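Throughout, read-outs are computed from the coordinates displayed, never taken from laboratory work. Quick caveat, the model's predicted, so the values are computed rather than measured. We place every Cβ from the backbone using ideal geometry, glycine too, and count neighbours over all the protein chains shown.
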Amino acid sequence: MKMVGKIERSYKQTYKKKTSTPDPYLPRGASQKTSVCEGCHSVYKKKRWYADRDLYEAAVIIPDTATTVCPACLKIRDNFPGGIVTLKRDYVLPHKQDLLNLVKNEEERARGFNPLERVMSIKENGHGSIVINTTNEKLAQRLGRAIKKAFRGVVSYRWSHDNKLARVDWTREMEAG
Ligand SMILES: [Zn+2]
């Protein structure tokens, strides 16, 4: 797997520089070529990614279109989250289905305008919490806001020092009586 070494190197460079380098997974330079992701079928065109089935079908029949793996699919493959949302306390498991439905709706909405905003995994940690990994920090924040709006509770946001990872903790206790 030659690719893996390459990707690790690019993480290190980005951390060392500590400047305004964007997401290390975003393609460098302005490629004029249209690319399609072989994983999720997102289309990269004029420096933006689109989740659009018609656009994908039109792009794949053009011989000049390149095939690639989009930043979100790379992060999922490498298990390299940009956001970690943890839902805590005793309200969580009895309301798991409602909470996860909201997460799913928010992900679909986010994906409509940025296909790189995706949920990577949803896991129970065995202590009554649910841990949701997202591909980018914006979706983690969006989930925190949406869950607080719909279910109240308390939400907190923390960022890693390089701002590449957002940790969102939401807690709600069961109400007495
Ligand atoms: Zn993809």
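Couplings 3J(HN,Hα) of the stretch 163-175, computed from phi: 6, 8, 10, 9, 10, 10, 10, 10, 10, 8, 8, 5, 7 Hz, in residue order, whole Hz [Karplus 6.51 cos²θ - 1.76 cosθ + 1.60, θ = phi - 60°; x for Gly and Pro].
Calculated FRET efficiency, LYS123 and ASP52, Cβ-Cβ r, R0 35 Å, to nearest 0.05? The computed FRET efficiency comes out at 0.70.
Report the convex hull volume per residue for the stretch 44-160, counting only C-alpha atoms, in Å³. List each step's numbers first, then the result.
Details: hull volume 14.3 nm³, N = 117.
It is 122 Å³ per residue.
Within the stretch 83-105, what residues put their amide N at less than 17 Å from the label point 7 Å along the Cα-to-Cβ vector of LYS149? Hits in the stretch 83-105 for LYS149 at 17 Å: 99-105. Sequentially through the stretch 140-157, phi angles give Karplus couplings (6.51, -1.76, 1.60; θ = phi - 60°) of 4, 5, 4, 5, x, 5, 5, 5, 5, 5, 7, 10, 6, x, 10, 10, 9, 10 Hz, Gly and Pro residues having no value and appearing as x.
For the peptides 67-78, 135-146, 98-109, residues were scored by their other Cβ atoms within 10 Å and the scores averaged per peptide; the highest-first order is 135-146, 67-78, 98-109.
Structure note, pairs LYS123/LYS149; LYS45/LYS123; LYS46/LYS149; LYS46/LYS96; LYS46/LYS148: Cα-Cα distances above 32 angstrom occur for LYS45/LYS123; LYS46/LYS149; LYS46/LYS96; LYS46/LYS148. Annotation: peptides 79-91, 117-129, ranked by per-residue average of other Cβ atoms within 10 Å with the highest first, follow the order 79-91, 117-129. The distance separating the Cα centre of the stretch 122-177 from that of the stretch 55-81 comes to 28 Å.
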